[in-house]
């Protein structure tokens with residue numbers, strides 16, 4: 001009975017912490033959601049090779065480098081993952097990042113950025129389409145990024161990222177394979193281009209550093 005009460009208390013505390021974190025992120029963001037930053041260049045990726053191996057949450061994890069990756073941009077939405085699961089252990093935060101015209105037009109156009117699950121989405125009002133011209137240009141200058149911290153320092157950095165931040169992330173685009181002791185497999189692959197959309201279009205970044213600009 002006592003153990004049951006302790007578990008119940010732990011669940012309640014967890015829910016309170018999640019709700020408090022959401023409130024802080026939503027209502028005490030130091031920047032305007034529609035902040036605009038002109039002149040942010042496209043992400044840079046350079047082909048490379050290499051790998052990492054470690055155990056996490058009962059899985060043997062292999063991380064395979066595809067490209068070195070530097071992305072500078074305006075954070076237009078974030079999604080934090082608090083619940084159990086190997087994907088949430090690997091990547092506690094997704095950040096939707098804009099650069100180029102998407103970042104420059106962010107205060108001129110009434111963008112509605114958002115994230116659901118591991119996906120991001122945006123919409124605009126009809127009149128704003130005259131400013132944008134082609135919606136595909138916004139899709140090609142923004143991306144949803146699954147951030148996989150490489151160590152405790154970068155995990156702390158990733159968890160500090162907020163909507164409205166102007167940041168630069170250094171790391172690698174990676175594919176991830178995992179296998180637990182029962183033979184259950186896990187895999188997660190990164191997009192390697194900025195012009196894809198839909199399922200599989202998100203960048204999976206093994207983060208080595210985050211800078212605030």
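The values are calculated or read from the model by the stated rules, or taken from the named source; none is laboratory data. All values derive from a computational prediction rather than experimental measurement. Glycine also receives a Cβ, built like all others from the backbone with ideal geometry; neighbour counts cover every protein chain displayed.
Quick look at the values:
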quantity: Residue match in the range 29-47 (condition: assigned by TED's automatic domain parsing to the domain that holds residue 138, assigned to a helix (DSSP H, G or I) and surrounded by 21 or more Cβ atoms within 10 Å (Cβ to Cβ)); calculated: no
quantity: Test for residue 93: is it out of contact with any strand residue (DSSP E or B) (no Cβ under 9 Å at 6 or more places or on another chain) and either buried (at least 18 other Cβ atoms within 10 Å of the Cβ) or in contact (Cβ under 8 Å) with a residue 60 or more places away in the chain (or both); calculated: no
quantity: Criterion (over 14 Å from the mean Cα position of the chain (by Cα) and at pLDDT 95 or above) met by exactly one of 153, 168, 184; calculated: 153
quantity: Count - residues of the range 91-112 that are in contact with a helix residue (DSSP H, G or I) (Cβ under 8 Å, 6 or more places away or on another chain), part of a loop (DSSP other than H, G, I, E, B) and either at pLDDT 90 or above or not assigned by TED's automatic domain parsing to the domain that holds residue 204 (or both); calculated: 2
quantity: Selected residue [part of a helix (DSSP H, G or I), out of contact with any helix residue (DSSP H, G or I) (no Cβ under 8 Å at 6 or more places or on another chain) and either at positive phi or surrounded by fewer than 18 Cβ atoms within 10 Å (Cβ to Cβ) (or both)] from 88, 53, 60; calculated: 88
